[in-house]
Amino acid sequence: MTRHRIALDTVPRQPWRNGGGSTRELLAWPDATDWQVRVSVADIAADGPFSAFPGVQRAFAVLTGAGVRLQHGDAAVTLDTRSAPHHFEGGQPPDCRLTDGVTTDLNLMVAGSIGSAHMRRVAADDGGLPAGPRWRGVFVAEGTALLRCGTEPVVTLPAGTLLWSDDDPHDWQIWQICRIDPSHTTTPPRAFWLATAP
């Protein structure tokens, strides 16, 4: 069993060819040339279409900024930092319009050959991520998260951390700091569960 940890501030930005933003790739698993799961954080600085990834299931969440409007044909969705993650087919990329300036966004891409992409916000009393033979992770966008894996000691995850595993047999839950120390007044973390599913 192995859990891997990646800090966003250690990952270099890769400018887009069209000049409309940049991407920091946190993970390409199992390898960069033939990945099945890809997790990245993008800074979107200009309006324009998303790149097409046929056969890939995608999930997208706004981390910072005023947000975006994604146009899928005749349908549109407006997303900001309070919105639930948006899921869509990578072969039908939306057109993206910035609401008011640059946004930073979390992206999960999963090859359709292994299943679908699932991303959801961590809620104060949700059930966490159950154990299972699949890839899963958690990304902390803001604050400090306390991750409990089964009966093992709590793992502290600062903002900008991705923790993932493809072989962990334990259930995962985020423990708010106030559950450990009721006198602690730190704001609960903002984090996202990431997973693949058949």
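Set against the 2.2 N^0.38 Å expectation for a compact globular protein, the chain has a Cα radius of gyration ratio of 1.02. Would you work out the relative contact order for the chain, in percent, from Cα pairs under 8 angstrom that are 6 or more residues apart? Computed value for the chain: 22 percent relative contact order. Across every pair of non-identical alpha carbons in segment 50-90, the mean reciprocal distance, once inverted, gives a Kirkwood radius of 11.0 Å.
Remark on Glu142: its backbone amide H falls under 5 Å from those of Gly160, Arg190, a criterion applied only to residues 5 or more positions apart or on other chains, H modelled at 1.01 Å from N.
Rg/Rh, computed from the Cα trace of segment 10-112 with Rh as the Kirkwood radius, has the value 0.94. Indicate the gyration tensor shape class of segment 76-176 (rounded, prolate or oblate), computed on the Cα atoms with a ≥ b ≥ c the square roots of the eigenvalues: a/c under 1.5 is rounded; otherwise a/b larger than b/c is prolate and the rest oblate. In terms of gyration-tensor shape, oblate. For segment 97-144, the C-alpha radius of gyration sits at 1.48 times the compact-globule guess of 2.2 N^0.38 Å, with N the residue count.
Take the Cα of Arg5, step 7 Å toward its Cβ, do the same at His72, and the gap between the two points is 3.6 nm.
For segment 10-112, the relative contact order comes to 33 percent (Cα pairs under 8 Å, sequence separation of at least 6). Karplus-derived 3J(HN,Hα) values for segment 26-36, using 6.51 cos²θ - 1.76 cosθ + 1.60 with θ = phi - 60°, are 7, 7, 10, 10, x, 8, 5, 8, 9, 6, 10 Hz; glycine and proline are entered as x.
Length gained on full extension, Arg121 to Glu152, computed as 0.36 nm times the residue gap minus the Cα-Cα distance: 8.8 nm. Segment 78-121 and segment 57-77 have Cα centres lying 6 Å from one another.
Read the figures in this text as sums done on the coordinates, not as results from a lab. As the structure is a computational prediction, the values presented were derived from the model and not from experiment. Here Cβ is always computed from backbone atoms with ideal geometry, including for glycine, and neighbour counts include all displayed protein chains.
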